[in-house]
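Comments concern the structure below.
The values are calculated or read from the model by the stated rules, or taken from the named source; none is laboratory data. From a predicted model like this one, the values you see are computed outputs, not experimental measurements. Neighbour counts are summed over all protein chains in view; Cβ atoms, including those assigned to glycine, are modelled from backbone coordinates with ideal geometry. Remember, those area values only see protein heavy atoms, side chains included, never the ligands or the DNA or RNA. Shrake-Rupley method; radii C 1.70, N 1.55, O 1.52, S 1.80 Å.
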Amino acid sequence: MTTAPPAADRSPGPSEWQSAFDAAVAAEERIEPRDWMPDAYRATLVRQIAQHAHSEIIGMQPEANWITRAPSLRRKAILIAKVQDEAGHGLYLYSAAETLGVSRDELLDKLHAGTQRYSSIFNYPTLTWADVGAIGWLVDGAAITNQVPLCRCSYGPYARAMVRICKEESFHQRQGYELLLALSRGTEAQRAMAQDAVDRWWWPSLMMFGPPDDRSAHSAQSMAWKIKRHSNDELRQRFVDICVPQAASLGLTLPDPDLRWNEERGRHDFGAIDWEEFSQVLKGNGPCNEQRISQRRRAHEEGAWVREAASAHAAKRRARETAPTGRLPGSTTGRPADRTAAPKGAPAS
Ligand code: FAQ
């Protein structure tokens, strides 16, 4: 949408811009990068999209840890493709953040300095091969539950990035489920390995949705702006309700003695989440926080030469494109004649 000034013959005042923005959000129109938006809306989007992008690239680490030890060529190919997809998701999201006026370098510096967050879930270790399945089923499953509503986010570039990301995440979720199914139908040791992974990943997956609604600092405003469409607790409940029958089909148990169907609510009741653990992970005291961030900083430093080479290549291309070509007056392409000439026998356009 374009938040056009309400009156054409004079400059609109701040309240008129605000009213046009509010009306656009209320009418379910998309806010686009060149539209006027409140500073706080922009800041909230940068915070959330950056955190999301950082989660995608830090989230490559726990699973990449198993690429060299995947048990078959098929599993290795699937895992490499998945980890590569996560890098792609990071790129779409950094690009969406850039439309708000922040550069990717700036955001990465903040991640490395510890002033922007990434999801709590990626601070847990991947101890066995079954963890790759549990991440796919539970972590990607939680991510989809959270992210499908973000396809309707009021900010256009974020919403559009989420459409593609969600399609890819649904494959990720299925590969995890299929991996766990193979293990749960395998030997007794394989079944036990699958159960152990689910036992360790279940509660951290529930924490991915963020603090309970009464402690969620940003939810109310983000929902009013239609950045978020549902509260943290609503999405967490939806995820639990989806997982219970899936766990039964897998033949695995969810590690919660209080988990049961509540006829009256038409939802599952579940046990208390350890919010102290969540708070410790956010403070940097999770099992892998230090490892994740130091590995990210190292990868960034070791990749400096790639960024330099790519920038030098881009500069060369720009120079080539803007250099005088000796084109004839009236020529529209500016390219050397032999490269634009149609091949012999080609139909005239
Ligand atoms: N971890 O007021 P709220 C993935 C922070 S992608 C860390 O409720 P909000 C794909 C929050 O930032 C996973 N911090 O916040 C994949 C805030 O702190 P701040 C990432 C958390 O923003 C799969 C404070 O707590 N997905 O998994 C977390 O309204 C496999 C108060 O919280 C997204 O980022 C947390 N779990 O709601 C990749 C989705 N929860 O910033 C690889 C987009 C909360 O004031 C392998 N994000 N905090 O310092 C969102 O939907 C929201 O940002 C929430 C949090 C729901 C995460």
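Whole-percent P(r), the chain, all Cα pairs, 20 Å bins from 0: 25, 48, 22, 5, 0. When the dipole is taken about the Cα centre of the chain, and only Lys, Arg (+1) and Asp, Glu (-1) are charged at their Cβ, what size is it in debye, to the nearest 20? About 1740 debye.
How long are the semi-axes of the equivalent ellipsoid of the stretch 147-217, taking √(5λ) for every eigenvalue λ of the Cα gyration tensor, in whole Å from largest down? Working shown, then result.
Working: eigenvalues 200, 72, 6 Å².
Largest first, the stretch 147-217 gives 32, 19, 5 Å.
Estimated at the nearest 10 Å², the accessible area of His172 is 10 Å² with a 1.4 Å probe. For the set His313, His230, solvent exposure ranked by accessible area (probe 1.4 Å, protein chains only) runs largest to smallest as His313, His230.
Placing unit charges on the Cβ atoms of the charged side chains and taking the dipole of the chain about its Cα centre, the candidate lying farthest along the positive direction among Thr99, Gln116, His52 is Thr99. Relative to the longest principal axis of the Cα atoms of the chain, helix 156-184 runs at roughly 40 degrees.
Near Arg267, the amide H atoms lying under 5 Å from its own belong to Asn262; only residues 5 or more places off or on other chains count, and H is placed 1.01 Å from N.
Quick one: in the stretch 210-267, what % of C-alpha pairs are over 13 Å apart? Write out the running numbers ahead of the final one.
Values: 1131 of 1653 pairs.
For the stretch 210-267, the share of Cα pairs beyond 13 Å comes to 68 percent.
Averaged per residue, the chain has 53 square angstrom of accessible surface, using a 1.4 angstrom probe with ligands and nucleic acids left out.
Principal-axis analysis of the Cα atoms of the chain puts helix 39-58 at an angle of about 70° to the longest axis.
Once the Cα atoms of helix 104-113 and of the chain are each reduced to a long axis, what angle between those two axes, in degrees from 0 to 90 to the nearest 10, is obtained? Relative to the chain, helix 104-113 is tipped by roughly 40 degrees.
Could you work out the local net charge near Gln221, counting Lys and Arg as +1, Asp and Glu as -1, over the other residues with Cβ closer than 12 Å to its Cβ? It would help to have the intermediate numbers written out before the result.
Working: positive: Arg47, Lys226, Lys228; negative: none.
Result for the local shell: +3.
Take 197-208, 71-82 and order them by the average number of nearby Cβ atoms within 10 Å per residue, most first; the result is 197-208, 71-82. Split the accessible area of the chain by element, probe 1.4 Å, and carbon with sulfur accounts for 55%. The lysines whose alpha-carbon is closer than 27 Å to the alpha-carbon of Lys82, local same-chain residues fewer than 8 away aside, are Lys110, Lys167, Lys228. The three principal axes of the Cα atoms in the stretch 1-126 give end-to-end lengths of 69, 31, 22 Å, sorted in falling order.
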